[in-house]
Amino acid sequence: MAYVELHASSAFSFLRGGSSPEQLIATAAQLGLPGLALCDRNGIYGAVRAHMAAKGAGLRSWVGAEIVLEGGDVVPVVAATREGYRNLCRLLTVAKLRAEKGQACATWEELARYSPGLVALTGDQDGPLLRAWHRGDGAAMEANLLRLLHVFGPSRLQVELQRHRVRGEDRAEAALVALARRHRLPLLATNGIAYATREARRVADVFTCLRHHTTLDGAGALLSVNAERHLKTSRAMEALFADLPEAVNNTGALAETLEFTLSDLGYRFPDYPVPGGESQESFLQKMTLFGAQQRYGSVTGKVRKQLDHELALIGKLGFSGYFLVVWDICNFCREQGILVQGRGSAANSAVCYSLGITAVDPIAQKLLFERFLSEGRSDWPDIDLDLPSGERRERVIQEVFRRYGRRAAMTANVITYKGRSAMREVGKVLGFPDDALDRFSRLYAGGDYPQTLGIDEQLRLAGVSLDHPRSRTLLELMAELHGLPRHLGQHSGGVVLCATGLDEVVPLENASMAGRVVIEWDKSDCEDMGIIKVDLLGLGMMAVLEDSLAICQERGCPVDLARLPKDDP
């Protein structure tokens, strides 16, 4: 291969990288690079987006992360094999589940335990070697290299070199090269990417200011001295390292050994634990026919024909376990007296009706099953369960966590910069007064909705003069920040389930809500990777219905929603 960028950070490094994974991949394609390794700080949040963009562009995207260790050293690692990817997910999970949301650091012992299948770089200014060099501690520099060598071995450790045209970097590099020669380790050129293009550097500067709670005027030496940390062509990197061509050549050689991409994820939805002698298909059929007997009284004619048709298709597509898992959750709700109702196109399924997942008879209503599930579909059926909001819904979520343990977690929700948040954050960095930012927030309609007032007029009414030298910069930066990740939240009710430990598929971390664990990917990422979630959604109206049914029961006229006559007063 030609030069391959093996140390790139995106905006999913949260307040460090200035470009989205998609922007990095698009720029890499324009520059003729064969691929890149995304190594965001303490996470693989953007890995799916890089992977999907790379597939579309005909590039390869490798999965890595910058691992923050106790003491502040940062070691970049890249997954070479599926085992390495699983170990990376486990390492990040261990570090995060013992920390508050947004915080994590691993120990050297944990790095060693989960190192198989991972390739390590010695890192940049935050790495254990250069941090020691900047302290003037040559002995610690070599000790840290030996420590990395002990963890990864000579075949999985690369001495990383970056040239950003910064004063003094040649002396630091000379020390790194000397260490590499002494221990017979390969040199590896990277550009320590923080943004896709030179122009995107100013977004990274905004994030630096936000990270350090300062303004552009007050940031001083916190900002990079230039914009060199952007993607460069193979020719540019060869020219930059003309005196050390091996460092560039080694990038392609290393990339050839990196077998793993997210195409090899290996996710599988859990099977339902059926009784001995039963398969997923046979047990689903048994429970469906039993439920249909309760619903319809007799399972003959049109009812039996429809159930046989649906069960055959569900079995053929391999979805029987999914229906059983959802049925099991509904059973728990009924045992606890919690009202549960499948929503959406699941109501078109006679199997769902028979299992008690929905309360609408699709045969009587002449609903089309193929709107819910058809042979041509490659994606999984989507059964969303409505529950009473509040404590009762939380009991159901916690029961799923209890039953599945590390095989279950909430789906993430990536919160992005939009109108108000982008204006407020950029405005702070540019030094605009708080009262003007408050007024703008009140005027702004938000999101992608049509604006009653143009953005210029909103700024004028907020007290921001368009003649102000930074007004145009404010508007430009707002546009550049729009859509970039701001922080990670959790989905309103999406629970991901996995046949194996979920922390082998994607890292887990604590949510801000006690007792909740969230994965690092959002709903769309999960769909792209074929990861299945069950939505447990809280509705106030379900709580009202549940209370109303209880009152009917107390008054001696119990009501079954599935059999409620349309003309019942």
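Check each of the trypsin sites (Lys or Arg not before Pro) in the stretch 46-122 and keep only those in coil by DSSP with at most 15 other C-beta atoms within 10 angstrom; list them in order.
Qualifying residues, ordered by number: ARG98.
Which percent, to the nearest 5, of DSSP beta bridges fully inside the chain are antiparallel? Please report the intermediate quantities before stating the final value.
Numbers: 25 of 49 bridges.
In the chain, approximately 50 percent of DSSP beta bridges are antiparallel ones.
With unit charges on the beta carbon (Lys/Arg positive, Asp/Glu negative), name the residue among ALA255, HIS7, GLY342 whose Cα is farthest towards the positive pole of the charge dipole of the chain.
Farthest towards the positive pole: ALA255.
Would you mind calculating the relative contact order of the chain from Cα pairs under 8 angstrom and at least 6 residues apart, reporting the percent as a whole number?
16 percent
Counting only C-alpha contacts under 8 Å and six or more residues apart, can you give the relative contact order of the stretch 1-153 as a whole percent? Numbers along the way, then the final one.
Working: 282 pairs, mean separation 25.5, N = 153.
Normalised by residue count, the contact order of the stretch 1-153 is 17 percent.
Kindly express, to the nearest 10 degrees and within the range 0 to 90, the angle between helix 419-430's C-alpha long axis and the longest C-alpha principal axis of the chain.
The answer is roughly 20 degrees.
Starting with the highest mean, order 422-428, 480-486, 260-266 by the number of other Cβ atoms within 10 Å, averaged over the residues of each peptide. Walk me through the numbers on the way to the answer.
Working: 422-428: 22.7, 480-486: 18.9, 260-266: 16.6.
Listed from highest to lowest mean packing, they are 422-428, 480-486, 260-266.
Could you name the lysines in cross-link range of LYS101, using Cα to Cα under 26 Å and dropping any fewer than eight places away on the same chain?
LYS418, LYS428, LYS523, LYS533
For the stretch 64-219, rounded, prolate or oblate, judged on the Cα gyration tensor with a ≥ b ≥ c (square roots of eigenvalues), a/c < 1.5 rounded, else prolate if a/b > b/c?
Numbers: a/c = 1.66, a/b = 1.12, b/c = 1.48.
Taking the square roots of the gyration eigenvalues as a ≥ b ≥ c, the stretch 64-219 is oblate.
Counting only C-alpha contacts under 8 Å and six or more residues apart, can you give the relative contact order of the stretch 112-270 as a whole percent? It would help to have the intermediate numbers written out before the result.
Working: 158 pairs, mean separation 30.5, N = 159.
Normalised by residue count, the contact order of the stretch 112-270 is 19 percent.
Taking the chain as the reference, fit the longest principal axis to its C-alpha atoms, fit the long axis of helix 47-57 to the helix C-alpha atoms, and give the angle between the two in degrees, 0 to 90, nearest 10.
Relative to the chain, helix 47-57 is tipped by roughly 80 degrees.
For the stretch 285-373, what class follows from the C-alpha gyration tensor (a ≥ b ≥ c being the square roots of its eigenvalues): rounded when a/c is under 1.5, otherwise prolate if a/b is larger than b/c, else oblate? Write out the running numbers ahead of the final one.
On the way: a/c = 1.42, a/b = 1.27, b/c = 1.11.
Rounded is the answer for the stretch 285-373, as its axis ratio a/c remains below 1.5.
Could you pull out which residues in the stretch 413-439 have an amide N less than 17 Å from a spot 7 Å beyond the Cα of ALA479, following the Cα-Cβ vector?
Within reach of a label on ALA479: 418-420, 422-423, 426-427.
Restricting attention to the stretch 144-220, which trypsin sites (Lys or Arg not before Pro) occupy a DSSP loop and are surrounded by at most 16 other Cβ atoms within 10 Å? All intermediate terms of the calculation are to be shown ahead of the outcome.
On the way: sites: ARG147, ARG156, ARG163, ARG165, ARG167, ARG171, ARG181, ARG182, ARG184, ARG198, ARG201, ARG202, ARG211; in loops: ARG163, ARG165, ARG167, ARG184.
For trypsin sites (Lys or Arg not before Pro) across the stretch 144-220 that sit outside H, G, I, E and B with at most 16 neighbouring Cβ atoms in 10 Å, the list reads ARG165, ARG167, ARG184.
Per residue of the chain, what 222 nm ellipticity follows from adding -39500 (n - 2.57) for every DSSP H run with n ≥ 4, rounded to the nearest 500?
Numbers: 22 runs with 245 residues, N = 569.
It lands at -13000 deg cm²/dmol.
Write down the accessible area per residue of the chain in Å², having rolled a 1.4 Å probe over the full set of protein chains.
43 Å²
Note down the magnitude of the dipole of the chain about its Cα centre, charges +1 on Lys and Arg C-beta and -1 on Asp and Glu C-beta and zero elsewhere, to the nearest 20 debye.
On the way: 65 positive and 70 negative charges, 35 e Å.
Roughly 180 debye for the chain.
In the chain, with Lys and Arg counted as +1 and Asp and Glu as -1 at Cβ, which of these residues, ILE314, ALA172, ALA422, has the Cα nearest the positive end of the dipole, that is, farthest along it?
ALA172
For Kirkwood radius over Cα pairs in Å, the listed values are (i) 25.1; (ii) 31.7; (iii) 26.6; which was obtained by calculation from the structure presented?
Of the listed options (i) 25.1; (ii) 31.7; (iii) 26.6, (iii) comes from this structure.
Using +1 on the beta carbon of Lys and Arg, -1 on that of Asp and Glu, and nothing else charged, what's the dipole of the stretch 175-303 about the Cα centre, debye to 20?
Working: 14 positive and 13 negative charges, 49 e Å.
Its charge dipole is roughly 240 debye.
Can you tell which of VAL464, LEU508, LEU539 lies farthest toward the positive end of the dipole of the stretch 441-569, using +1 and -1 charges on the Cβ of basic and acidic side chains (Lys, Arg; Asp, Glu)?
The listed residue farthest towards the positive side: VAL464.
In whole Å, what is the distance between the alpha-carbon centres of the stretch 367-427 and the stretch 104-171?
If you average the Cα positions of each part, the centres end up 39 Å apart.
Extent of the stretch 1-148 along each principal axis, from alpha carbon coordinates, in Å, largest to smallest?
The principal-axis extents, from largest down, are 45, 33, 29 Å.
Using the Cα centre as the reference, give the magnitude of the dipole from point charges on the C-beta atoms of the stretch 400-553 (Lys, Arg: +1; Asp, Glu: -1; all else neutral), rounded to the nearest 20 debye.
300 debye
In square nanometres, what is one fourth of the surface area of the convex hull spanned by the alpha carbons of the stretch 225-279?
Working: hull surface 32.7 nm².
So the mean shadow area of the Cα hull is 8.2 nm².
Round to a whole number: what % of the accessible area of the chain belongs to carbon and sulfur, probe 1.4 Å? If you can, show how the numbers build up before the last one.
Numbers: 12380 of 24480 Å².
Carbon-and-sulfur percentage of accessible area, whole number: 51.
The values are calculated or read from the model by the stated rules, or taken from the named source; none is laboratory data. What you see is a predicted model; the values in this text were computed from it and never measured. Cβ coordinates were reconstructed from backbone atoms using ideal geometry, including for glycine residues, and neighbour counts include every protein chain displayed. For accessibility, only protein heavy atoms count, side chains too; no ligands or nucleic acids. Shrake-Rupley method; radii C 1.70, N 1.55, O 1.52, S 1.80 Å.
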